[in-house]
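The values are calculated or read from the model by the stated rules, or taken from the named source; none is laboratory data. This structure is a prediction, so every number in the text was calculated from the model and none was measured. With ideal geometry, Cβ positions are generated from the backbone for all residues, glycine too; neighbour counts draw on all protein chains shown.
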Amino acid sequence: MNARIDHRAPFRSQPFEKPFKCAIQFDTARAPIHERFALFQGWNASLVDVRLSEGDERTFEARETAWQLGDIAFVVIDASPSHLLHWEHKKKPIVDNWIVYVRETVAFNPGDHLAEPSIRVANLAAPSVYTSKGRLITLFFPRGAIEASLQPEIADGPAAFFADYIRLIHGNLPALQRGSLSRLAEATTEMLAAVIAPSQERMVQAQVPIDAVITSRAIRAINLHLTDADLSPEFLCKNIGVSRSRLYRIFEPAGGISNYIRRKRLLETCRALIDDIGGHSVSHTAERFGFTDPSSFSRMFKREFGLSPKEIRELGWQGILHSCAQEDGDDDAEQTLDALLISNSLNLSLRPFQKHA
């Protein structure tokens, strides 16, 4: 868990289109099998002591990747899922950074429940023990970034919220642009501060990352219930625990929450028509996604994709179309934090199909 990323190297400007690159990569595969766990221990030895609570050292494998987000080191550790790792802070670590641990899953096998919650926030200078299996995401913040006790108590709700936010960042790392990094680091620090020591002022400052998590949760709920007749703004408010006014404000860039659900259903209907090998009628497929009026559905569909439902299905049958309209963002959109964590999820700029000769 080596957070010593070199800040002395001069920043090299790169074309805006180039993807954000990781700063450090470490893989135990470079060592002989019998030396891999010892190598992993040594790599992390300046910050924490790590040992195996379960699993054979001879089958241990791990890869560690670090990204530099401003002053935050974002580290992802992918270790063998059959090995239970025991992490313990050193009595004299080389830095006293704040560290956030996030496990991707609490339970990995039936009956396999780890003792600690899936997220922990602590200071490296304070005693702390944590366990993990498989993927572990860790963030390192400079000590001065947050004013709080070295072992803060965090309520379950805010902790789960912050864990979702960190997973959201992890999922968006390949799409990050260098111009957005400073704002992303600032927003992540604001989010951590609001979680560790909540206040009205800190909640206001952390509004963008909070909205990003609400958006992510709402989209997961929509995808899960896309064919449910009762999917509605009211259902989502109850499902994810958010006010109607906030839900409407967050989805305003997509034309509103109802419009987002409608376009998402149109997209899935389109995909179903292309992939249909059972010869279902267009009306049958449309009804699965809540479109009960055939003529209204046909008009909406053609306006969205440039072809009628029947034309799309026939192109799919002929093998001309293998994938449906793409959920691509606007290539010319400014790459801000909002764009990365919210707008990318909301923007269904579906490319209209061109008729094939």
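Tell me, please, whether a residue that is loosely packed, with under 14 Cβ neighbours inside 10 Å, assigned to a helix (DSSP H, G or I) and either β-branched (V, I, T) or modelled with pLDDT of 50 or more (or both) can be found in the range 297-307. It would help to see each step written out before you state the result.
We begin by selecting, within the range 297-307, every residue loosely packed, with under 14 Cβ neighbours inside 10 Å; these are 299, 303.
Going one step further and asking which of them are assigned to a helix (DSSP H, G or I), we end up with 299, 303.
Next, from what is left, pick out any that are either β-branched (V, I, T) or modelled with pLDDT of 50 or more (or both): 299, 303.
Yes, that holds for at least one residue.
Looking at A163, A187, which one is touching a Pro at 6+ places or on another chain (Cβ under 7 Å) and either charged (D, E, K, R) or not assigned by TED's automatic domain parsing to the domain that holds G70 (or both)?
Details: A163 fails: touching a Pro at 6+ places or on another chain (Cβ under 7 Å).
Testing whether each residue is touching a Pro at 6+ places or on another chain (Cβ under 7 Å) and either charged (D, E, K, R) or not assigned by TED's automatic domain parsing to the domain that holds G70 (or both) leaves just A187.
Being in a helix (DSSP H, G or I), surrounded by 15 or more Cβ atoms within 10 Å (Cβ to Cβ), modelled with pLDDT under 80 and within 19 Å of the chain's Cα centre (by Cα) narrows it down to one residue among A187, A212; which is it?
Unique residue meeting the criteria: A212.
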